[in-house]
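Enquirer: This is the structure I want to talk about, given as structure tokens.
Any read-out appearing in this document is the output of simple, stated calculations on the displayed coordinates, not a laboratory observation. Predicted model only: the values in this text are computed from it and were never measured. Here Cβ is always computed from backbone atoms with ideal geometry, including for glycine, and neighbour counts include all displayed protein chains.
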Amino acid sequence: QPDHSMHAMPGMDMGGGDQTLTAAPALPEGAPLRELPRLASRSQQAGVFEAELTAAPASTSFVPGLETPILAYNGITPGPVIEVFEGDRVSITFRNRLPDQESTIHWHGLPVPADQDGNPVSPVLPDAEQTYSFEPPKGSAGTYWYHPHPHGKTASQVYRGLAGAFLVKAKDDPIPASYGDTLFVFTDLRLAADGTLPESTMADLMNGRVGDHVLVNGQKNPVLTVAVGEFRRFRLLNATNARFLRLSLAGASLTLIGSDGGLLETPVADADELFLAPAERLEIVARFDKPGTMSLRTLGYDRGWMGPNRPEEAGKDLLTVRVSEDRGPSQPPLPGRLRPIPDLGPPAVTRRFVFTETMSMGAGGMEMGFLINGAAFHMNRVDVVSKAGQVELWEIANQADMDHPFHLHGTQFQIVERESEGKVTKPAFRALKDTVNVRRGETVRILLRQDLPGPRMYHCHILEHEDLGMMGLVNVEA
Ligand code: C2O
Ligand code: CU
Ligand code: CU
């Protein structure tokens, strides 16, 4: 059981970032956006997806002439995109070739059996392998992702390069195929002057590690070319450790069509502002009315910081869109109804989870704790016992000084309401979520049902906080 407490000592590098910032090499920008490679299935059989993912040290070059040692799935970061259909039998053999480190592959957001979920209670030892098998059920079409989840090591394995997208497609997808399907995987990167990835500082552990460069599909500010007047479908995945993305794409009309667990019931027009906390996904349809150049740009976000203050900056261009003069092909309009999302009905139980940060003087100096209901995660402790098939209301209260994105394994939930300073707001539409940002001082109430038995994790998806123990275990009984 790792020690969760952090000891900040006088003179310790608090990581204000100035050194790495001034020395950070510039990344090339403006290359055409690349499509991420797909993981090939070795099965010839329809409805069966079989492949291998090996996690191992690798090397890449973000800056010409500089080699960056990374960790990669099958040699690349982001990892290969896994694309399957609802109902497919998926079987992926994971080989852990990370020197001296346990790992797992967690299928973030997918309702896989608990023993296939790659959670920290089922580690894969160095040089060992494990075959994960599951079937994304009917109704699960959506944008998911996969990443390591070993206890205490998730953050460092992810920022070094281990993360990839997992798309589940529906045979009867209501979005017209002519809209295309373009995936943007956001990661962020901090590079030292010599091209290596610096170790995380104390401030990174407290706030979550935020890089100097936000990459889209591994590229800095790439260029996407579209035709004037055309509809395009975009999927956005925030695969960063700890960066909150508040984005705009001025000059385009954006319609929100999906969230973490797939499509909404109806499209939501005029989505001028997009928000993705770490681990969240969105699907949108964009339409470009005028030729010209526009940018997917950060609007900035202050989620509360400890130590050196470094809010997420506004005005960074993450992606450039070039709208060409030539008209695209004629396309059918977006349907008015996408799919029904079931009403879960009244909850049988209500549970409350309080997120706190603590600071106290210990033997080694100042000690920080990231706690849920007063406790840090313990591998051998069951925090909550639940029943498969039972509808539950979870109340997540953030009584800490910074935002914490809450994530639950094993199911998708629905947000019932958010409460802040006594004011209650209900969501304007129904959506399936597995991650929700809980702002500092806010309480978010969610409704959920776990259908599969076994141990499931819930935690803050700032990966450094998860590693420091802001995580709990719910055991779902059959
Ligand atoms: Cu994306 Cu428990 O994780
Ligand atoms: Cu997860
Ligand atoms: Cu957190």
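Enquirer: With point charges of +1 on the Cβ of Lys and Arg and -1 on the Cβ of Asp and Glu, referenced to the Cα centre of segment 177-327, which listed residue (207, 244, 197) lies farthest in the positive direction of the dipole?
Expert: 197
Enquirer: Okay, next question. Give me Rg over Rh for segment 247-394, both radii from the alpha carbons and Rh done the Kirkwood way, two decimal places. Spell out each step's value before the answer.
Expert: Working: Rg = 22.3 Å, Rh = 20.3 Å.
Using Cα coordinates only, the ratio equals 1.10.
Enquirer: Let me spell out the model: positive unit charges on the Cβ of Lys and Arg, negative unit charges on the Cβ of Asp and Glu, origin at the Cα centre of the chain. What dipole size does that give, in debye rounded to 20? Could the numbers behind the result be given before it?
Expert: Values: 44 positive and 59 negative charges, 203 e Å.
Charge dipole of the chain: 980 debye, to the nearest 20.
Enquirer: When the chain is fully extended, how far beyond the present Cα-Cα distance does residue 127 get from residue 375, taking 0.36 nm per residue of separation? Working shown, then result.
Expert: On the way: separation 248, 0.36 × 248 = 89.28 nm, distance 3.29 nm.
My answer for the length gained is 86.0 nm.
Enquirer: Separate question: Can you classify segment 31-169 as rounded, prolate or oblate using the Cα gyration tensor, where a ≥ b ≥ c are the square roots of its eigenvalues, rounded means a/c under 1.5, and otherwise it's prolate if a/b beats b/c and oblate if not? If you can, show how the numbers build up before the last one.
Expert: Numbers: a/c = 1.87, a/b = 1.27, b/c = 1.48.
Here segment 31-169 falls in the oblate category.
Enquirer: What spacing in nm lies between the two simple spin-label points modelled at residue 34 and residue 428, each 7 Å away from Cα in the Cβ direction?
Expert: Placing both labels 7 Å beyond Cα along the Cβ direction yields 3.8 nm.
Enquirer: Which log10 I(q)/I(0) values does the chain give at q = 0.06, 0.12 Å⁻¹ under the Debye formula, counting every alpha carbon as one identical point scatterer?
Expert: Reported log10 I(q)/I(0), two decimals: -0.25, -1.10.
Enquirer: Taking only DSSP H segments of four or more residues, each worth -39500 (n - 2.57), what value at 222 nm results for the chain once the sum is divided by all its residues, to the nearest 500 deg cm²/dmol?
Expert: Numbers: 4 runs with 23 residues, N = 478.
After summing the helix terms and dividing by residue count, I get -1000 deg cm²/dmol.
Enquirer: Report the relative contact order of the chain, percent, no decimals, based on alpha-carbon pairs under 8 angstrom and at least 6 residues apart. Mind dumping the intermediate values first?
Expert: Values: 1331 pairs, mean separation 74.3, N = 478.
Relative contact order for the chain comes out at 16 percent.
Enquirer: Also, quick follow-up: Using mean Cβ contacts within 10 Å as the protection proxy, how do 274-280, 119-125, 235-241 order, highest first?
Expert: Ranking, from highest mean packing down: 235-241, 274-280, 119-125.
Enquirer: Work out the charge dipole of the chain with +1 on the Cβ of Lys and Arg and -1 on the Cβ of Asp and Glu about the Cα centre, then indicate which of 154, 269, 43 is farthest towards its positive end.
Expert: Most positive-ward Cα: 269.
Enquirer: Please report how far the C-alpha centroid of segment 377-441 lies from that of segment 80-125, rounded to the nearest whole angstrom.
Expert: Value for the Cα centre distance between the two parts: 24 Å.
Enquirer: Through the Karplus equation 6.51 cos²θ - 1.76 cosθ + 1.60, θ set to phi - 60°, convert the phi angles of segment 127-135 into ³J(HN,Hα) values in whole Hz; use x for Gly and Pro.
Expert: Per residue, the Karplus-derived 3J(HN,Hα) values read 6, 8, 9, 8, 9, 9, 10, 6, 10 Hz.
Enquirer: Let me ask something additional. Relative contact order, percent, of segment 177-327 when contacts are C-alpha pairs under 8 Å separated by at least 6 residues?
Expert: Details: 369 pairs, mean separation 42.1, N = 151.
RCO, segment 177-327: 28 percent.
Enquirer: Please give me the summed charge of the neighbours of residue 427: other residues whose Cβ is under 10 Å from its Cβ, Lys and Arg +1, Asp and Glu -1. Write down the numbers at each step before the final one.
Expert: Details: positive: 418, 426, 430, 433; negative: 417.
Overall, the nearby charge balance is +3.
Enquirer: With all distinct Cα pairs included, what does the Kirkwood hydrodynamic radius of segment 135-180 come out to in Å, to one decimal, could you say?
Expert: Values: mean 1/r = 0.0773 Å⁻¹.
Averaging 1/r across every pair of different Cα atoms and inverting gives 12.9 Å.
Enquirer: Computed over the Cα atoms, what is the radius of gyration of segment 207-272 divided by 2.2 N^0.38 Å, N being its residue count?
Expert: Numbers: Rg = 14.1 Å, N = 66, 2.2 N^0.38 = 10.8 Å.
So segment 207-272 has a normalised radius of gyration of 1.30.
Enquirer: Taking the Cα centre of segment 349-477 as origin, sum charge times position over the Cβ atoms of Lys and Arg (+1) and Asp and Glu (-1), and report the length of that vector in debye to the nearest 20. Intermediate values should be presented prior to the final figure.
Expert: Working: 14 positive and 17 negative charges, 112 e Å.
The calculation lands at about 540 debye.
Enquirer: For 457, 471, which order do you get if you count the other beta carbons within 10 Å of each Cβ and list the fewest first?
Expert: Working: 457 23, 471 27.
Going from least to most buried by this count: 457, 471.
Enquirer: Still on this model: Taking the beta-carbon count within 10 Å as an exposure proxy, list 106, 378 from fewest neighbours to most.
Expert: 378, 106
Enquirer: Based on a Kirkwood Rh over C-alpha pairs, give the Stokes-Einstein translational diffusion coefficient of segment 177-327 at 25 °C and viscosity 0.890 mPa s in µm²/s.
Expert: Details: Rh = 16.4 Å.
For the chosen part, D equals 150 µm²/s.
Enquirer: While we're on this one: With Rg and the Kirkwood Rh both taken from Cα atoms, where does Rg over Rh land for segment 349-477?
Expert: Numbers: Rg = 14.8 Å, Rh = 15.1 Å.
With Rg and the Kirkwood Rh in hand, the quotient comes to 0.98.
Enquirer: I've got another one for you. Note down the nm distance, to one decimal, between modelled labels 7 Å out along Cα→Cβ at residue 385 and at residue 352.
Expert: 2.2 nm
Enquirer: I've got another one for you. Around residue 443, what is the net charge, scoring Lys/Arg as +1 and Asp/Glu as -1 over all other residues with Cβ under 10 Å from its Cβ?
Expert: Details: positive: 352, 418, 439, 445; negative: 395, 417, 419, 442.
So the surrounding residues net to 0.
Enquirer: Along the charge dipole of segment 68-175, which of 107, 163, 94 sits closest to the positive end, that is, farthest toward it, with unit charges on the beta carbon of Lys, Arg, Asp and Glu (+1, +1, -1, -1)?
Expert: 163
Enquirer: Would you mind counting up the charge near residue 459? Only other residues with Cβ under 12 Å from its Cβ, with Lys and Arg at +1 and Asp and Glu at -1.
Expert: Numbers: positive: 456; negative: 383, 434, 464, 466, 467.
Net charge in that neighbourhood comes out at -4.
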